[in-house]
Amino acid sequence: MLGTEKGTLDMNLRMWLLGLFATAMAVGFGSPAIAADPVDPSNGPGKPYLVSIGVGEFRDKAIHPRPTADADAKALYGLLTNKAVLGIPADRAKLLTSADATREGIVKAIDTAVDATSKGDLLIIAFFGSGSSVADKPCFFTPESVFKDRAKTTLTPNELEPAFKKIKGQKLLLLMDVTYKGFDAGEEKVLEPSVAPYIKLVFGEDDREDSSLQTDRVIVLGNLPFRLPLTKGGHGLFYTVLAEGLGGKSDQKPYFIGDEPDGLVTVAELAKYLEKEIPNGAREVGKNDKEKELFPYIIGQSTSRFWVSHNPAETDKVTKRLDTIAALVKDGKMNEADGKEATGLIFRMPRLKWQQDLRKAYQNLADGKVTVDEALTTRKTLRDSLKLPAEDAAAYAKKVEDWTSELSARYIKPFTTGELTAAAIKGMYSRAEEPLPVDLEDALKKPKELSREQQDELLMDARMRLGRREDLDGDKAVDVSLAMASGSLGDRYSIYTDKAGVLKMQSQLQGRFPGVGIQIRRDAVRDGLLVATPIKGSPAYKAGIQAGDLITEIRLDVDKFGNPLPADAQKVHSTKGMKTEDAVSLILGAPDSPVTLMVQREGLKDLKEFKIFRNFVMVETVHGVQRDKNADWNFFIDEKNKIGYVHITQFIAIDLDEDGREEFGTVTDLKKAIAQMKKTGLNGLIIDLRENPGGYLSSAWHLCEMFIDKGEKVVTVKPRAGAIREYKAEIQGDKSFEVVVLVNGNSASASEIVAACLQDHGRATIVGERSYGKGSVQDVREFKPTGGQLKYTIARYYPPTGRNIDKLATEQDPTIKEWGVKPDPGFEVKLSSDELNDWYEYAQNLLVIEPPGKESPKVNPAKDKQLLKGLEQLRDILKSNGKAPKG
């Protein structure tokens, strides 16, 4: 990230799968909240189609058999053609096994399935089998595949792309249970494949920072490439759990959505079931810790509302009620419109509380507990309660107008307030899953021509029509409007974050966040939350929380803002089955508010209780070679040659003084580190900017000043509105030692400003791989009306030579060929995917603060060939200029 004092040049951190699609943009429509049919029937499967592929037998002996693959594909075919479960007709279900699953046959089957389905139809494609990689891209073995010739004989995502590109409006569920370990490679080094091509196949290109995805498309990976799938009985564990979920268990407590089972298994309920029960099954059948850590990876469920199967245990009850409603309509005791509404609500659980209450009334009607008039009276009472006060709608309109005014004036591309207002209204209805009323749609057709008064009226009217509803309570309507409207800008770096999201994200730019100060991850084997490390100086660190502790319970007496919890609120939260992000949400909170963690520590019989008062946790952004017993850093990587090493994780600046210089932050910490090294002599310094997403422009600017001559240019910022600004060094930098800068594909924004500046002035040798290529500047500002945060692009930046950094510019202008910061000639050091994975694991371990008595991990150039190259360069320079020690 890189930005102004109030802004940032942000980027997607390493787009590894587990971080790629965290939030989503819902674009499906339901019916109006106060309309006759509150349930959208299009969320059903339409005319479903199944392609079930299982390949477990191979002619090439180098590829190991996978006996369960054929059985799983056949069983899924049988399950989904069963009328009690989904009842897909035989002419719309294709089964391919080891006997006939050729590359051409699979491609044809999927192409036929896409052509045979249309908007609203459910398309299920399932792969059971084995695969490997072609370079680092995944491939799927077919019976005729030859391992040594797999580039030409296996099925790759590229071959499926033409068919997937034809999917327009279908509901897609892609199921993949593939092992990437079942082969003999001989002497060949085989890279671990990335599954990103499969994700691209399903969702297309989308790397927005809010990770918005197209709705009604879901991919379920039974395991990631570094895990082996497991077997249970005669089937794979994935299929066994999948069959249970599709067969109705996903519509049972605690997995159903709503207040009771409704007889349908939605894709969200199925995902919830798989995420819980596959790890449970792995702990049961796994023979070692690695096997017990198996978990699925699912993308798209939060943006998809469709259902995929029936719950037979509830079907008879639902059918009986529907028949009763139909009879009431037929006998003239209930009009057709009311009957349609009752049928829709009984058939499927609605999202909103008032609709669920109305559903209960219609169920009571069908069960003979109330009369038609009594049910309709309940409906009238519920609908009357939905009317939104005019002042609430006016407050909504005012807050949205504040946003449209700011964006229209400062965003890098020109947008009128009318265009932004239209985007906000459409976004709110989209997120609410309601169709935009025809008259509103007509009024928004020429948004540029809308006056301010008309915009205000439209915003109020749009909000009034949706009424009171829990998904739009308080500022939620503003939040969803601004989030969706920001998404419509076509700018991956411009987003709106609500108040709760701001709390979670504060460390990314501000360098501090309110919490206890621990890094956690799931321990799948023990089914708890493992403390990877406490953060130095944090409340948890001071309380004695240690790396390796297992958090078993989180206990709360107050909410995250310090307010007492209601008497009936859940106060004790077991971490069994808890997602890491849910745990983080519980642990984060306002300064001085308490949270209690129950911890299991190795070697102790009893649990330890830690009552910790949250506070602002300061993020360390300047790391060294190894921590001492006080967890302070030593920075010399080569004591003999007096070569130092600093890893800068991001650029933060806290508490700026009157001149805009930080009093606490990255530059301050780097100055302290250099001063510490210079006490005994400093001949060379390695600045590691790999994986650094950026941060404040002021921080990058002042860091560059430390190394170049006074008056030299650092960066030029060119906004749409306002004057071009040149940032120059205002102090004389220290040039008494040599510098190497390490960069990679995730070094972005502020990192690229620093690397480009030092490269352009010949002050440093750049080593590693080409940087990310983010040449735009975002302003990050508090949005006071909601407590949320705005981030939007206001300018582009250029290093001293004026060259282009922005990769997007090359997409927009084909005459621009260069982007990013490239290593100096002879200093490009590329890592394979396997080497990169090894480096990530090694680098992550360097952050751990070990418990007392254990030696801290140490930076080791032998495990990092990019670092080694930089170290060798400094040694060569010192040798040539006579600064290297003799002997």
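The values are calculated or read from the model by the stated rules, or taken from the named source; none is laboratory data. Remember, predicted model here, so these are calculated numbers, not experimental data. Backbone-built Cβ (ideal geometry, glycine too); neighbour counts: all protein chains shown. These area figures cover heavy atoms from the full protein model, side chains too; ligands, DNA and RNA do not enter into them. Shrake-Rupley method; radii C 1.70, N 1.55, O 1.52, S 1.80 Å.
Listing for the model above:
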read-out: Convex hull volume per residue in cubic angstrom - Cα atoms of region 671-742; value: 108 Å³
read-out: Ellipsoid semi-axes in whole angstrom, largest first, where each is sqrt(5λ) of the Cα gyration tensor of region 730-806; value: 29, 15, 12
read-out: For region 319-457, size of Cβ-based charge dipole, Lys and Arg +1, Asp and Glu -1, in debye; value: 600 debye
read-out: Binned Cα-Cα distance frequencies in region 635-787 - 10 Å width, integer %; value: 11, 39, 37, 10, 3, 0
read-out: Percent carbon-and-sulfur accessible area, the chain, ignoring ligands, DNA and RNA, probe 1.4 Å; value: 51 percent
read-out: Region 345-393: trypsin sites (Lys or Arg not before Pro) falling in loop per DSSP and having at most 16 other Cβ within 10 Å; value: 369, 387
read-out: Karplus-derived HN-Hα couplings along region 570-577 (A = 6.51, B = -1.76, C = 1.60, θ = phi - 60°), whole Hz, x at Gly and Pro; value: 5, 10, 10, 10, 6, 8, 5, x
read-out: Degrees, to the nearest 10: 237-246 long Cα axis against longest axis of the chain; value: 40 degrees
read-out: J(HN,Hα) series, region 702-715, from Karplus relation 6.51 cos²θ - 1.76 cosθ + 1.60, nearest Hz, glycine and proline x; value: 6, 5, 4, 4, 5, 10, 10, 6, 4, x, 6, 6, 9, 6
read-out: Sorted peptide list for 481-492, 519-530, criterion being average Cβ within 10 angstrom, highest first; value: 481-492, 519-530
read-out: C-alpha long axis of helix 833-845 to longest principal axis of the chain, angle in °; value: 80 degrees
read-out: For residue 766, distant residues with modelled amide H under 5 Å away; value: 741, 824
read-out: Unit charges on C-beta of K, R, D, E only; dipole of the chain, Debye; value: 1060 debye
read-out: Most positive-pole-ward Cα, 757, 788, 496, against dipole of the chain from beta carbon charges; value: 757
read-out: Probe 1.4 Å - accessible area at residue 111, Å² to nearest ten; value: 50 Å²
read-out: Karplus (6.51, -1.76, 1.60) ³J(HN,Hα), θ = phi - 60°, over region 356-368, in Hz, Gly and Pro reported as x; value: 5, 5, 5, 4, 4, 4, 5, 4, 4, 4, 5, 8, x
read-out: Largest-first principal axis extents of the Cα set of the chain (Å); value: 102, 74, 65
read-out: Other-chain or far-sequence residues with amide H under 5 Å of residue 528's (modelled H); value: 523
read-out: The chain: angle of helix 390-410 to the longest principal axis, Cα-based, in degrees nearest 10; value: 40 degrees
read-out: 5 angstrom amide H check on residue 795, placed H, neighbours 5+ away; value: 777
read-out: Residue-averaged 222 nm ellipticity for the chain, from DSSP H runs of 4+ at -39500 (n - 2.57), nearest 500; value: -10500 deg cm²/dmol
read-out: Volume in Å³ per residue [convex hull over Cα atoms, computed for region 785-853]; value: 287 Å³
read-out: Dipole of the chain [Lys/Arg +1, Asp/Glu -1 at C-beta], most positive-end residue of 396, 385, 234; value: 234
read-out: Equivalent ellipsoid, region 110-245 (semi-axes from 5 times Cα gyration tensor eigenvalues, Å); value: 26, 19, 15
read-out: Charge-dipole axis of region 753-887 as Lys and Arg at +1 and Asp and Glu at -1 on Cβ define it, positive-most pick from 868, 797, 881; value: 881
read-out: Separation of the residue 317 and residue 165 label points, Cα + 7 Å toward Cβ, nm; value: 4.9 nm
